Each structure stands twice: as C-alpha cells, then as structure tokens.
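Input: a single structure, listed below in structure tokens.
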Amino acid sequence: MSHLKIAVDGPGGAGKSSVCKEVARRLNLLYIDTGALYRTVGLYIKRAGIDPEDREAVAAALPALSITVRAEQGRQIISLDGTPVGDEIRTQEISMYASRVSAIPAVRAKLLDYQRSFAEEYDVILDGRDIGTVIFPDAEVKIFLTASPEARAHRRYLELQAKGVDVTEEQVLAEMNERDRADSTRESAPLAAAPDAVLLDTSDLDFEGSIDAVISLIKARRYALSPEKAKKVKKQKRSYRFFYYTLGWIIRFFHRIKVTGRENIPRAGGGILCANHIAILDIFSIGASVPRPINFLAKRELFKIPILSSLIRSAGAIPLERKKTDLGAIRRSTELAANGNLVAIFPQGHRQPGKNPADTEYKSGAALVAYRSGVPIIPICIKMKGQKYRIFRKTEIIIGKPLSQEELGFVNGGSAEYRDAAAKVFNEICRLGNFERTLPAPEQENE
Ligand code: DC
C-alpha cells in the first residue's frame, strides 16, 4: 500500500515545525524536519572550516559527509558522522550556514533521497521549502504555511529569548527578511508554493488554531469526494433548499417550533448535529430550524417506503443499518462532514418518546465521525410538552454551542475517547433541555 505524503512548505518562523510535530503526533504520522537536514550540512561545513559561499569547496566536501536519519517513536534522529546532532544546529549562525548551503544544487541533490526514502515505509509529514514542488510533487496534501514577517519574527524572538539568546526583535526581523530573500530568490529550488498547495496564513491563529486548520485540510483531502460524488452532493443540496423553502414554513407553523441558539450553527464548514430523538418528525423539526442543508442519517427501512424514499434520497439522507455497526454510513458521514457539510445523527439510535433523555442510552458513532472528519459537534435538544409527539404541539429546538475537537477531548482517537466525547455531547443535550437523570447511570455501549 502506498503511504500518505503531506507536504508543508513555507518561510522560516511560520510555525511549520511545531505545528507539523503536533499534527504528526495526533494523526500518527512520521514527521521529518527537512530544515534540520540542511542545518546539519551547515554544521558539517562550518566544522570543516569551509566558506559556505564557496560552492565548489562545499560540493567537494559532500562525498565525505555522512548523515544518517532514523525514526524513533515518530521522531527523526539525525546523526552527523555517527553522533546525533542536537541544539547546536539551532543557532543563528547555523541558520545562515544552512541558508547558504541549501542554495547549492549538489547539496540539494545529496539530500533528495534521504527525504524521499521515508515515504516508502511510513505515512509522513515533511516540512521545508520545496517539499510540494520538488521532493513530493505527488503529495496527497500540500500546504503552504505562512505568516506576516512581523508575526514570524515575533515568534522566533520569543523562542530565542526562552533559550536565553540575547537578541532584539529588530535583529531577528532583519535576519529573517534576509533569509527569506535568500531562500526565495536562489536559483535552485527557491521557496515557492506549489500551484496546488493550500495557502494557510497563521498570522492571526494561535497554536491550537493552526493545528486544527492543518488537520482539517488533511482530513478533507483524505476523505476527498470524487467529482461525481461532489456533483451529486451539490444536486442534493439544491433539492434540500427547495424543500426547506417550501415545506419548512409549513412544518414550522404546524409544529409550532420555537428555536433558540440558531446562531450556534456555523455558517460554513463541516459539523455533526447531535440531537435527542422523540418523534419521526424530529428530522423535519431540525431541518426546518437550521438554515443550512443537512445530511440526515436515517434508518434503512425508510428507504423502502415509496415516495418518502425518493424524497429523502434526493435531499441527501444517508441510509443507516441499525442492527450492526454500519461502516458504510460512517464512511459516508465522515466524507460529507470532512468536505464541509452538516450531518445529523441521533446518538440514541431509536426514538425514545415519553422518556427523559437523561435516562436513556446512546452510542458513540457520532463522536467517531467527528474525530475522523475533524469537525465540531453541535448539540441540539428537542423538547415537547409531555415528551410525546402530537400535531400542533409546541416543539422547542435548543441549539447549543459547537464543541470543538479539543473540547470533545480528542487527542489520538480510539473507542475510550469516542465514548467520553459522546457522554459530553449527551450531557450537553440534557443540560440544554434542563433534563436531569432520574435513574442510575445506564451501562454505555461501545460503538
Ligand atoms: O526551516 P529551517 O529554518 O530549519 O531551514 C533552515 C534552512 O534550510 C533555510 O534557510 C532554508 C533551507 N531549507 C531548504 O532550502 N529546503 C528545505 N526543504 C528546508 C530548509
């Protein structure tokens, strides 16, 4: 099986290495910091007393250069002449050496195979300057991570200060501008975004925000829809909107729906809507209350009823087999959410009319889909007087704030995390409706 390749390029100080390291940890990828390879060559050239501007001398010294790279617990360990290199490659002086030697084609050629070889064995994320353009033009995901020079200089300044290096912010900015200029104007593999790279500006994002953005890009790519599927989804959205504007007001009127928290529905991007389930018409109540097309998971039996079947199919409902874990439905929901759509799931699985939702059981499939697709979960509480459906009975739809991946407690995924996240969501649904448990806690099922 071929391995996943993620290319992250961009100027120094954009946060590439810290972001990639954390993304690699969370998604279980091997992280390769290619700048460290150039820095190691810089260190070697400095130790050999060679002028890094002297291209011939540098090229002549390369055959004797012995760099080895190995992966240890998802981290790369670089050794120069058999000894692992550490912080000595992180000084300002070595930064300049690295920038100079990296402009020499012979150096770039020497490091090419090192960088490519990892993808033969592992799913990798590489950061550098030419990963998406030269090293892996066929990378599945290409990101160009950047930030304003001021923002980058400020971050690097804080980093250097923390290490006790005595510099001013102005010096760091001047040095960074110089390195940017050298890296982007050199002839050999200059710093440039690949035409198919996604540009991500982190000037106004904090660390978590940058990680979330990178992970969502990766997930959207990993679950990319084929052009035919994307076309179908677009068509379904058009039908959905048609139903929303024709049937929506009728449902709102007869069902006497009162909606609170409509502003909690993100205007764009994927999300999982999780609601308690009382009546068959819950689907319509939610649909009529949320001003964006929704893909509902609906029991497979409904797809056998004539007319209804073609209606829900054309509006993008996803058939769900409830007796066993339905991998197809999970995959379909994940794809849709990862591609910026809203997917509605009733974690209770069945309607629970007349029951206090806090006393019912729920499943964790919705949390699994949220984790895989990298989107938030929006809790929704449906309340009806007496908790039994009657036409003309007042229905309350209370939409809670989206719960981010972090708030859901996702780190590496896994059934324990999904169970905890599902519990958080369900508690939030009950809190929104002021439902309190009256029975001892039920045993929760795994997904
Ligand atoms: O990302 P960094 O600051 O550790 O990189 C050190 C130098 O190496 C930088 O000046 C540009 C160069 N480099 C490169 O030319 N190509 C890469 N893929 C990575 C780094």
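The values are calculated or read from the model by the stated rules, or taken from the named source; none is laboratory data. Since this is a predicted model, take the numbers as computed values, not measurements. As a convention, Cβ positions derive from the backbone with ideal geometry for all residues, glycine included, and neighbour counts pool all protein chains shown. Keep in mind that these areas ignore ligands, DNA and RNA; they rest on the heavy atoms of the full protein, side chains included. Shrake-Rupley method; radii C 1.70, N 1.55, O 1.52, S 1.80 Å.
In debye to the nearest 20, how big a dipole does segment 108-255 give about its Cα centre with +1 on each Lys and Arg Cβ and -1 on each Asp and Glu Cβ?
Working: 24 positive and 25 negative charges, 307 e Å.
In debye, rounded to 20, segment 108-255 gives about 1480.
Just flag the GluC sites (Glu not before Pro) in segment 294-340 sitting in loop per DSSP whose Cβ has no more than 13 other Cβ atoms within 10 Å. Please report the intermediate quantities before stating the final value.
Working: sites: Glu301, Glu321, Glu335; in loops: Glu321.
Those that pass, being in a loop and sparsely packed, are Glu321.
Counting only heavy atoms of the protein chains, get the accessible area per residue of segment 156-206 (1.4 Å probe) and round it to a whole Å² value. Don't jump to the answer; show the numbers that get you there.
On the way: 3200 Å² over 51 residues.
That works out to 63 Å² for each residue.
Roughly speaking, to the nearest percent, how much of segment 188-243's 1.4 Å accessible area is carbon and sulfur?
Details: 1990 of 3410 Å².
Looking at segment 188-243 in its full context, I get 59 percent from C and S.
Set the bar at 31 Å for Cα to Cα. Now go through Lys219/Lys323; Lys234/Lys304; Lys235/Lys299; Lys235/Lys385; Lys46/Lys163 and name every pair that lies beyond it.
In this structure, Lys235/Lys385 exceed 31 Å between Cα atoms.
Using the Kirkwood radius over Cα pairs, work out the Stokes-Einstein diffusion coefficient for segment 57-96 at 10 °C and 1.306 mPa s, in µm²/s as a whole number.
Numbers: Rh = 11.7 Å.
In µm²/s, the coefficient is 135.
Would you mind counting up the charge near Ala103? Only other residues with Cβ under 10 Å from its Cβ, with Lys and Arg at +1 and Asp and Glu at -1. Can you show the working numbers first?
On the way: positive: Arg55, Arg100, Arg108, Arg186; negative: Glu53, Asp183, Glu187.
Spelling it out: positives minus negatives among the neighbours equals +1.
Based on Cα coordinates alone, diagonalise the gyration tensor for segment 271-352, multiply each eigenvalue by 5, take square roots, and list the semi-axes in whole Å, largest first. Mind showing how you got there, number by number?
On the way: eigenvalues 54, 49, 40 Å².
The three semi-axes for segment 271-352 are 16, 16, 14 Å.
Please give the net charge around Asn177, taking every other residue with its beta carbon less than 14 angstrom from that of Asn177, where Lys and Arg add +1 and Asp and Glu add -1. Mind showing how you got there, number by number?
Details: positive: Arg152, Arg156, Arg179, Arg181; negative: Glu150, Glu169, Glu170, Glu175, Glu178, Asp180, Asp183.
In short, -3.
Would you work out which of Pro347, Thr325, Ser310 lies farthest towards the positive end of the dipole of segment 306-444? Charges go on Cβ: Lys and Arg +1, Asp and Glu -1.
Ser310
Averaged per residue, what accessible area in Å² does segment 289-447 show with a 1.4 Å probe, protein chains only?
Spelled out: the 1.4 Å probe surface of segment 289-447, per residue, equals 47 Å².
For segment 298-340, with all protein chains present and a 1.4 Å probe, just round the carbon and sulfur fraction of the accessible area to a whole percent. Provide the component values of the computation, followed by the final result.
On the way: 1470 of 2320 Å².
Carbon plus sulfur share of accessible area: 63 percent.
Roughly how many Å² is the accessible area per residue of segment 9-58, as a whole number, for a 1.4 Å probe?
Values: 1800 Å² over 50 residues.
Accessible area per residue: 36 Å².
Divide by every residue of the chain the summed helix terms, -39500 (n - 2.57) for each DSSP H run of at least 4, and state the resulting mean residue ellipticity at 222 nm, rounded to the nearest 500 deg cm²/dmol.
Rounded to the nearest 500, it is -13000 deg cm²/dmol.
Only Cα pairs within less than 10 Å get springs; with that Gaussian network setup on the chain, which residue of Ala64, Ala220, Ala147 has the largest fluctuation?
Of Ala64, Ala220, Ala147, the Gaussian network model singles out Ala64 as fluctuating most.
Could you size up the charge dipole of segment 8-128 around its Cα centre, putting +1 on the beta carbon of Lys and Arg and -1 on that of Asp and Glu, and report it in debye to the nearest 20?
Details: 15 positive and 17 negative charges, 34 e Å.
The dipole magnitude comes to about 160 debye.
In degrees, nearest 10, range 0 to 90: what is the angle between the Cα axis of helix 92-101 and the longest Cα principal axis of the chain?
80
With +1 assigned to the C-beta of every Lys and Arg and -1 to the C-beta of every Asp and Glu, and no other charges, what is the dipole magnitude of the chain about the Cα centre in debye, to the nearest 20?
On the way: 66 positive and 55 negative charges, 755 e Å.
That gives a dipole near 3620 debye.
Please give the contour-minus-distance gain from Arg116 to His3: 0.36 nm per residue of separation, less the Cα-Cα distance, rounded to one decimal in nm. Walk me through the intermediate numbers first.
On the way: separation 113, 0.36 × 113 = 40.68 nm, distance 1.15 nm.
In short, 39.5 nm is gained.
For helix 149-162, report the angle its Cα long axis makes with the longest principal axis of the Cα atoms of the chain; keep it between 0 and 90° and round to the nearest 10°.
The angle comes out at about 80 degrees.
What are the semi-axes of the equivalent ellipsoid of the chain, taken as the square roots of 5 times the eigenvalues of the Cα gyration tensor, listed largest first and rounded to whole Å? Please list the in-between numbers first.
Numbers: eigenvalues 553, 87, 76 Å².
Result for the chain: semi-axes of 53, 21, 20 Å.
Quick one: among Arg300, Arg221, Arg372, which has the greatest mean-square fluctuation in a GNM of the chain with alpha-carbon springs under 10 angstrom?
Arg300
Residue separation times 0.36 nm, minus the C-alpha to C-alpha distance between Ser404 and Asn356: what's the value? Can you show the working numbers first?
Details: separation 48, 0.36 × 48 = 17.28 nm, distance 2.64 nm.
Value of the extension gain: 14.6 nm.
Angle between the Cα long axis of helix 207-222 and the longest principal axis of the chain, 0 to 90 degrees, nearest 10?
80
In square nanometres, what is one fourth of the surface area of the convex hull spanned by the alpha carbons of segment 324-403? Walk me through the numbers on the way to the answer.
Details: hull surface 24.7 nm².
Taking the Cα atoms of segment 324-403, their convex hull projects to 6.2 nm² on average.
Given springs between every Cα pair under 10 Å in a Gaussian network model of the chain, which of Ile215, Ile380, Ile307 has the largest fluctuation?
Ile307
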